[in-house]
1. Which residues, counting only those in segment 124-145, are at pLDDT 90 or above, outside any strand (DSSP E or B) and surrounded by fewer than 19 Cβ atoms within 10 Å (Cβ to Cβ)?
2. What pairs come up if the first residue lies in segment 77-104 and is without any contact (Cβ under 8 Å) to a residue 60 or more places away in the chain, the second is surrounded by 10 or more Cβ atoms within 10 Å (Cβ to Cβ) and of a type in the set (K, R), and their beta carbons are under 6 Å apart, counting only those six or more places apart or on different chains?
3. Does F152 meet the test of being within 21 Å of L39 (Cβ to Cβ) and surrounded by 13 or more Cβ atoms within 10 Å (Cβ to Cβ)?
4. What number of residues within segment 230-257 satisfy the criterion of being touching a Ser or Thr at 6+ places or on another chain (Cβ under 7 Å) and part of a strand (DSSP E or B)?
5. Test R65 against the stated conditions and say whether it is modelled with pLDDT of 90 or more and not in a loop (DSSP other than H, G, I, E, B).
Amino acid sequence: MTPVSPVPAINPLDPRAALARLETAVTRVIHGKPQVVRLAVSALAARGHVLIEDVPGVGKTTLARALARAVGGTFRRIQFTSDLLPSDILGVSVFNQEHGRFELRRGPIFANVVLADEINRTTPRTQSSLLEAMSEGRVSIDTHTHELEQPFIVIATQNPLEHFGTYPLPESQMDRFLLRLRMGYPSPADERRVVTAAQLEDPVEKIEPVVSHAEVGAIQAAAARVRVEEALVDYAGRVVAATRESPFLALGVSPRGFQGWYRAAKALALVGGRDYAVPDDFKETAIPALAHRLVLAGGSAGEPLGRAREEAERIMNELLERVAVPS
């Protein structure tokens, strides 16, 4: 009987040090947007997905590519269009005549970082093909279920200024995004750095992997273990209840949204180098984690995304000011 080789010991991983390396690597190419980078890294740590609502050309694709390079993962970009089909995302079973069986041709969803570019340009049917992947980390094709490789994060984009030729994301889809972010324009100094650096070479290509997939798993496990005092949980619960009671909102934050906010705040605490959460972790993640889940009372279906977003964020800020923060 052949003896079994012993499994080599794995050195203890330091999740906070790994997070610091990851944040630093991405910040090198996303100039002047430390909060955006910190929240994107927090979403990865919390096993969540990100919706970036902004105009073209401000670095959304660069952020996704940089994150994929820093974790040594695969990156796939899906350009969402009106004629895109679910099979174009998930893949399709093809009969192999040589072997006499159906084989899966995997779609671009089988990647560590998936950029869903202009997600609101495709039909709700195709948008919803992402639901199982984002919620369960797997996809069902025909009668088979296929697990997605971990880590897995979807970074979706949409232009808030365009309305014609777009399909608003349904509430069930919006609820699957842990955070909604905005890149915004860089400062003049940062914009000059971006322009001059890009003339020489693609700065993203210079990023080397700084964390392994095992370290990402350790980061996610550590984020789940971050301590949250009962008083903070009660505070978050009061904020969520206030969204459900507001006369300006037709739909408040769901239990899934509450869970997402809780996970995001714990992940942000870990990104900050702590194994416990503080009120600022919940306050900083409140708008990104909650505002996109709100449905305005009396809202118009033809209202521009940007205007609806600003109103939801204004209401959310007012509720945050009204609810007392625990000391």
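The values are calculated or read from the model by the stated rules, or taken from the named source; none is laboratory data. Note that the structure is predicted; figures quoted are calculated from it, not measured. Heads up, the Cβs are rebuilt from the backbone with ideal geometry, glycines too, and the neighbour counts pull from every protein chain shown.
1. L131, E132, S135, E136, G137
2. F80/R121; T81/R121; G91/R105; G91/R106; V92/R105; V94/R105
3. yes
4. Filtering segment 230-257 for residues touching a Ser or Thr at 6+ places or on another chain (Cβ under 7 Å) gives 249, 252-253.
Adding the requirement that they be part of a strand (DSSP E or B) leaves 249.
Result for segment 230-257: 1.
5. Numbers: modelled with pLDDT of 90 or more: yes; not in a loop (DSSP other than H, G, I, E, B): yes.
When the stated conditions are applied, R65 passes them.
One line per residue, one yes/no per condition, for (1) touching a residue at least 40 places away in the same chain (Cβ under 8 Å); (2) farther than 29 Å from T24 by Cα; (3) surrounded by 13 or more Cβ atoms within 10 Å (Cβ to Cβ); (4) in the same structural domain as A286 (by TED's automatic domain parsing):
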site: L179; (1), (2), (3), (4): yes, no, yes, no
site: P186; (1), (2), (3), (4): yes, no, yes, no
site: A218; (1), (2), (3), (4): yes, no, yes, no
site: V239; (1), (2), (3), (4): yes, yes, yes, yes
site: S254; (1), (2), (3), (4): yes, yes, yes, yes
site: R263; (1), (2), (3), (4): yes, no, yes, yes
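Let's see how each residue does on (1) at pLDDT below 95; (2) touching an Asp or Glu at 6+ places or on another chain (Cβ under 7 Å):
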residue	(1), (2)
E205	yes, no
S212	yes, no
A236	no, no
L249	yes, no
G252	yes, no
A269	no, yes
E303	yes, no
